[in-house]
Amino acid sequence: MTTPTIELKPSSHPLSDAEREQILAAPGFGRHFTDHMVTIRWTEGRGWHDGQLVPYGPLSLDPATNVLHYAQEIFEGLKAYRQPDGSVAMFRPDANARRFQASARRLAMPELPVETFIEACDLLVEQDKKWVPAHGGEESLYLRPFMIATEVGLGVKPANEYLFVVIASPAGAYFAGGVKPVSIWLSEDRVRAVPGGMGDAKTGGNYAASLLAQAEAAVHGCDQVAYLDAVEHKWVEELGGMNLYFVYGDKIVTPTLTGSLLAGVTRDSLLSVARDLGFESEEARVSIDRWRADTENGTLTEVFACGTAAVITPVGTVKSAGGEWTQSDGEPGKVTLKLREALLDIQRGVADDKHGWMHQL
Ligand code: COI
């Protein structure tokens, strides 16, 4: 397979400096997009075509385009941070590229070479560098690579054409409350994913499957929903779009990847960051009964959620049909905040990148 090259067609109508600065002053999450995007087509027989870096804009799709009916779609989320010297670096794009390949395999889609994934992200960030927020805060440029089936037709089969796209969005806190603890609704009857299903692939269908329970969480006054496994309705899996960590004093525990959870890049990074800080970290199955009992007997000292968009977010109150309880008196826990700062310091380029995670542009 030949590696595609990407042709540059910069925008003739980028936003003005003043408009961009106004957005960067309070970017929110996922509301504003930069001036460009990268697109690369794949067709059966030919494989990956050369890509294009073009002005950000609508995609034109035939109403019978496969993805609109059968959801053959995958995506990623990764961040670029302004470094102390003004340069820009991305956090672990190779990990996202490999997970994108794994998601592609699960959805019978072609695998984009890792180097092409990274090159597409590099080119977009380089072109739209002015959109990367200033160094020092928590803001970053969030990249959203995705791939859709673009064959036109209603037959249910792997498509013979695909489009890979990368867009970028300046990002502040994912939750409006910042590091304020989020409340969790424990969904005991709805499940996010099943064994043998797509739970470990980053595909829109998993997020669609989480929306009803998310709406139910809101009805119960909660910010997020937590899912249990689909077979025994006993083992804690993840939130709708984030992994979970349980803090037992100086040990952090995250649910084992059983195949129905997403292998989060932040989740994986924290296993190492925690060890670097002198904590123990491990993957284990955690039951909902243990979650509650260990909170009540005081051994489970903190719980937090983690993901690229939300970084690390403390968990406060947990509600379920059977009752409710609160972690760390509803305050952000000390270990949670320490891990959060340590990870952000690596991403912002103020701590030693001992794992070689930062990809400098
Ligand atoms: C991310 O954390 O990057 C995700 O893809 C989760 C999404 C719900 C924003």
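Every read-out reported here was derived from the displayed coordinates using simple, explicitly stated rules and does not represent laboratory data. Small disclaimer: the values here were computed from a predicted structure and weren't measured. FYI the Cβ positions are ideal-geometry reconstructions off the backbone, even for glycines, and counts take in every protein chain you see.
To check my understanding: the extent here is largest minus smallest coordinate of the Cα atoms along each principal axis. What are those three numbers for the chain, in Å, largest first?
Between the extreme Cα coordinates on each principal axis of the chain lie 60, 52, 36 Å.
Got a sec to turn the phi values of the stretch 339-347 into Karplus ³J(HN,Hα) couplings, 6.51 cos²θ - 1.76 cosθ + 1.60 with θ = phi - 60°, whole Hz, x for Gly and Pro?
Ordered by residue, 3J(HN,Hα) equals 5, 4, 5, 5, 5, 5, 5, 5, 5 Hz.
Name the long-range amide H neighbours of Arg285: under 5 Å, sequence gap of 5 or more, or other chain; modelled H, no Pro or chain starts.
Amide H to amide H, under 5 Å and 5 or more residues apart or across chains, Arg285 pairs with Thr256.
Choose one of Pro158, Ile118, Pro195: the residue whose Cα lies farthest towards the positive end of the charge dipole of the stretch 108-228 (beta-carbon charges +1 Lys, Arg; -1 Asp, Glu; about the Cα centre).
Highest projection toward the positive end goes to Pro195.
Given DSSP loops and a limit of at most 13 other Cβ atoms within 10 Å, what is the longest stretch of the chain that contains no such GluC sites (Glu not before Pro)? Intermediate values should be presented prior to the final figure.
Working: sites that count: Glu44, Glu232.
Longest run free of exposed loop sites: 45-231.
Just how far, in whole angstrom, is the stretch 64-120 from the stretch 146-210 if you go by their alpha carbon centroids?
When both Cα centres are located, 13 Å separates them.
Run the dipole for the stretch 316-361 about the Cα centre, Lys and Arg Cβ at +1, Asp and Glu Cβ at -1, nothing else charged, and hand back the magnitude in debye, nearest 20. Kindly include the intermediate steps, with their values, before the conclusion.
On the way: 6 positive and 7 negative charges, 14 e Å.
Dipole about the Cα centre, nearest 20: 60 debye.
So for Arg348, Arg105, fewest C-beta neighbours within 10 Å to most, what's the order? Can you show the working numbers first?
Working: Arg348 21, Arg105 13.
Going from sparsest to densest Cβ surroundings: Arg105, Arg348.
If you wrap a convex hull around the C-alpha atoms of the stretch 143-259 and split its volume per residue, what is the figure in Å³?
Numbers: hull volume 19.5 nm³, N = 117.
Hull volume over Cα atoms, normalised by residue count, gives 167 Å³.
Shape verdict for the stretch 1-129, please, from the Cα gyration tensor: rounded (a/c under 1.5), prolate (a/b greater than b/c) or oblate. Intermediate results must be reported in sequence, preceding the final value.
Details: a/c = 1.73, a/b = 1.46, b/c = 1.18.
Here the stretch 1-129 falls in the prolate category.
Hey, got the dipole for the stretch 275-316? About the Cα centre, +1 on K and R Cβ, -1 on D and E Cβ, debye to the nearest 20? Could the numbers behind the result be given before it?
Details: 4 positive and 8 negative charges, 26 e Å.
Taking the Cα centre of the stretch 275-316 as origin, the dipole is about 120 debye.
Among Lys319, Lys9, which comes first, then next, by fewest other beta-carbon atoms within 10 Å? If you can, show how the numbers build up before the last one.
Numbers: Lys319 18, Lys9 10.
With the sparsest Cβ surroundings first, the list reads Lys9, Lys319.
Taking a 24 Å limit on the Cα-Cα distance, which of the listed pairs Lys202/Lys319; Lys202/Lys354; Lys251/Lys354; Lys202/Lys338 fall beyond it? Walk me through the intermediate numbers first.
Details: Lys202/Lys319 27 Å; Lys202/Lys354 28 Å; Lys251/Lys354 21 Å; Lys202/Lys338 28 Å.
Check vs 24 Å cut-off fails for Lys202/Lys319; Lys202/Lys354; Lys202/Lys338.
List every residue whose amide H lies under 5 Å from the amide H of Ser320, counting only residues 5 or more places away in sequence or on a different chain, with H placed 1.01 Å from N in the peptide plane.
Leu186
Using a cut-off of 15 Å between beta-carbons, work out the net charge of the residues near Asp62 (Lys and Arg +1, Asp and Glu -1, Asp62 not included).
Net charge around Asp62: -1.
Of all the Cα-Cα pairs you can form in the stretch 235-346, what percent are over 22 Å apart? Provide the component values of the computation, followed by the final result.
Values: 1518 of 6216 pairs.
Summing the P(r) tail past 22 Å for the stretch 235-346 gives 24 percent.
Which is farthest toward the positive dipole end of the chain among Thr256, Gly204, Ala351, measuring Cα position about the Cα centre, with Cβ charges +1 (Lys, Arg) and -1 (Asp, Glu)?
The listed residue farthest towards the positive side: Gly204.
Treating only the Cβ of Lys, Arg, Asp and Glu as charged (+1, +1, -1, -1), what charge dipole size does the stretch 181-293 show about its Cα centre? Round to the nearest 20 debye.
In debye, rounded to 20, the stretch 181-293 gives about 80.
Which lysines does Lys130 reach when only Cα atoms under 25 Å apart count, and residues fewer than 8 places away in its own chain are ignored?
Hits, sequence-local ones excluded: Lys9, Lys79.
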